[in-house]
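Have a look at the structure below before the remarks.
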Amino acid sequence: MNTQTLPLAGQAALVTGGSRGIGAAIVRRLARDGAAVAFSYAASADRANALVAQIEASGGRAVAFKADQAVAQEVQALVTQAHEALGRLDILVNSAGVFVTGMVDDASADASVFDRQLDVNVKGVATAVRAAAPLLSDGGRIVSIGTTGAVHIPFAGVSDYVASKAAVAAYTRGWSRDLGPRNITVNLIQPGAINTEMNPDDGPFAETLKGIASLGRYGQPDDIAAAVAFLVGPDASYITGATLNVDGGQSA
């Protein structure tokens with residue numbers, strides 16, 4: 001195949017949290033569409049190396065970096081390393097996140113868990129965008145992964161998690177204003193129930209989540225990757241500050 005016909009040929013992307021689940025699906029899709037892709041992982045080096053090998057075996061280019069999304073210095077270094085390794089930066093996808101449940105009246109709740117969820121899901125995203133903004137090419141794309149739960153709470157005990165993702169939704173709208181003069185688009189994808197290790201389609205929340213989706217089933221990581229590919233591709237150049245629900249009708 002002539003790589004020049006691919007929609008992302010010649011572009012460079014950074015995906016945070018790209019070694020597994022939704023993040024890995026995004027890495028594979030962007031590479032398939034012609035982008036050179038850098039991605040981060042927190043602990044699973046074997047998975048990250050296997051993903052790099054898979055993409056290179058298919059004729060693509062990928063590189064993995066270890067970074068803790070909760071540590072600002074590591075996130076800043078990640079963005080710099082990705083830019084140096086790929087020679088440019090056109091796309092940033094904020095996929096890294098943690099999901100921790102807990103009731104608001106739980107007196108035994110660990111405050112450090114609450115803090116880490118905010119550090120990863122909110123501060124880590126903001127740090128990545130701030131570090132990437134001066135390096136992104138004009139006309140670049142930023143996409144963050146949120147949750148449909150930010151607007152449709154599926155069950156008790158998820159308030160901290162959905163609040164962290166709602167903050168990213170507000171940031172997305174604000175950043176679209178900040179970066180609009182450079183023709184950089186900033187958008188948010190809000191998945192519903194997606195079949196991952198964090199939330200498997202046979203897990204404890206599965207029947208509840210299937211029951212509130214119009215389609216009555218879970219989605220797959222590739223469904224989110226396809227939405228990302230659209231928002232960073234040439235057909236979405238006039239979409240910014242937007243939220244795209246990919247949730248099987250969970251928020252309907």
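The values are calculated or read from the model by the stated rules, or taken from the named source; none is laboratory data. Just so you know, these numbers come straight off a predicted model, no measurement behind them. Cβ placement follows ideal geometry from the backbone for every residue including glycine, while neighbour counts extend to all protein chains displayed. Calculation scope for accessible area: heavy atoms of the full protein, side chains included, ligands and nucleic acids excluded. Shrake-Rupley method; radii C 1.70, N 1.55, O 1.52, S 1.80 Å.
With the whole protein complex present, K66 retains an accessible surface near 130 Å², based on a 1.4 Å probe.
A 1.4 Å probe over all protein chains sorts I189, I153 by accessible area into I153, I189, starting with the largest.
The stretch between E207 and R173, if pulled fully straight at 0.36 nm per residue, gains 9.0 nm over its current Cα-Cα span.
Put a plus charge on the Cβ of each Lys and Arg, a minus charge on the Cβ of each Asp and Glu, and nothing anywhere else: the dipole of region 12-246 about its Cα centre is then about 640 debye. In this rough spin-label picture, where each label sits 7 Å from Cα along the Cβ direction, the A109-R88 distance is 4.6 nm.
Given a 1.4 Å probe and the protein chains as shown, I91 ends up with an accessible area of around 0 Å².
Calculate how steeply helix 45-57 sits against the longest principal axis of the alpha-carbon atoms of the chain, using the helix alpha-carbon long axis, and give the answer as 0 to 90 degrees to the nearest 10. Roughly 40 degrees between the two axes.
Taking label positions 7 Å along the Cα-Cβ direction at both A77 and A45, the computed distance is 1.4 nm, reported to one decimal.
For V15, nonlocal amide neighbours, meaning residues 5 or more places apart or on other chains whose placed amide H falls under 5 Å from its own, are A38, F39, S40, V93.
The alpha carbon centroids of region 1-58 and region 85-100 are separated by 11 Å. Ranking G140, A166, F155 by how far each Cα lies toward the positive end of the dipole of region 99-173 (charges on Cβ) leaves G140 at the top.
Protein heavy-atom accessible surface, 1.4 Å probe, per residue over region 12-246: 45 Å². Of G139, G124, G18, the residue with the greatest mean-square motion in the GNM of the chain, using alpha carbon springs below 10 Å, is G139. Stretching L118 away from S58 to a fully extended chain increases their span by 17.9 nm, per 0.36 nm per residue minus the current alpha-carbon distance. Within straight-line reach of K66, meaning a Cα separation under 22 Å, sit the following lysines at least 8 residues removed in sequence or on another chain: K123.
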